[in-house]
Structures are given as structure tokens and as C-alpha cells.
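*Asks:* Input: one structure, supplied below.
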Amino acid sequence: MAKVVGVGGVFLKARDPKTLSAWYAEHLGVPKLEGGTLAFDGPESAGMTVFAHFPLDTSYFGDGVQQAMVNFRVDDVDGLVQQLAAAGVRIDPKRDDSDYGRFSWIWDPEGNRIELWEPPKAG
């Protein structure tokens, strides 16, 4: 049987797509391709990808009207949050450490809440 094998992309509306793509590349290291498209290819794309639905009244995406949230798998959530704080990025002071890994949240310049996830170390 044919089936979906992973997430092929995440697409967000933006007031200024080129500027927002540059922000993601500069602050989160998301590789930038021609035309402002961002893409992962190679070993950094390996690992679990989660596709989940949340109830309409969830506060997990923040307090606004945001309909979706991007979760980026990161290699060092504390180090990245320190870098982002130094760059003036808005950061949620809340952190979550669980069996699923370590989580932190930030906002991009257009107010989209982003989840940063450091998976648990294999071992």
C-alpha cells in the first residue's frame, strides 16, 4: 500500500517572505535556496518528524490566532536559545524537559510561534 513517509514541507504565509526567509536562515540556520526557499537535505534531515493535530482551543501555539506551528529539530537547544537571545529574538522563558527531549519556544519577526526541539540522546 502506498503511504505518506514524512513531511515534505511546511508553508507559512508571510507579509514579507524574502525578509522572513532571511531571518530563518540567519537566526536558525535553516539552509536557504534560490528565491528565498528554505530546505533541509542530507544528514541534518534525519530523525523523527511529528505530524499532530491539536484542539481548536489549544494554547500550545501561543495566545494569538496562529493556526500552525513549526517544530525545528535542533542539536543544542540551550546554545541556540542563548544565540537567539543575544540577537534580540523574542523567547518564551518556559522550557520543557521530558522523555521526548528538551523544548523551547521563540517567535519570528512576524509573530509566528516556533518550537525548538532537542531530541533525547540515543543511548
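*Asks:* Given the options Val81, Val89, Val30, name the one that is at pLDDT below 80 and open to solvent by less than 30 Å² (accessible area, probe 1.4 Å). Write out each step before concluding.
*Replies:* On the way: Val81 fails: at pLDDT below 80; Val89 fails: at pLDDT below 80.
Among Val81, Val89, Val30, only Val30 is at pLDDT below 80 and open to solvent by less than 30 Å² (accessible area, probe 1.4 Å).
*Asks:* Among Val10, Val50, Val74, which is the only one that is of a type in the set (A, V, I, L, M, F, W, C) and modelled with pLDDT of 80 or more?
*Replies:* Working: Val10 fails: modelled with pLDDT of 80 or more; Val50 fails: modelled with pLDDT of 80 or more.
Exactly one of Val10, Val50, Val74 is of a type in the set (A, V, I, L, M, F, W, C) and modelled with pLDDT of 80 or more, namely Val74.
*Asks:* What are the residues in the range 92-111 that are open to solvent by 60 Å² or more (accessible area, probe 1.4 Å) and assigned to a loop (DSSP other than H, G, I, E, B), if any?
*Replies:* Answer for the range 92-111, where residues must be open to solvent by 60 Å² or more (accessible area, probe 1.4 Å) and assigned to a loop (DSSP other than H, G, I, E, B): Asp99, Tyr100, Pro109.
The values are calculated or read from the model by the stated rules, or taken from the named source; none is laboratory data. Keep in mind that what you see is a predicted model, and the values were worked out from it rather than measured. These accessible areas exclude ligands, DNA and RNA; they are computed on the full protein's heavy atoms, side chains included. Shrake-Rupley method; radii C 1.70, N 1.55, O 1.52, S 1.80 Å.
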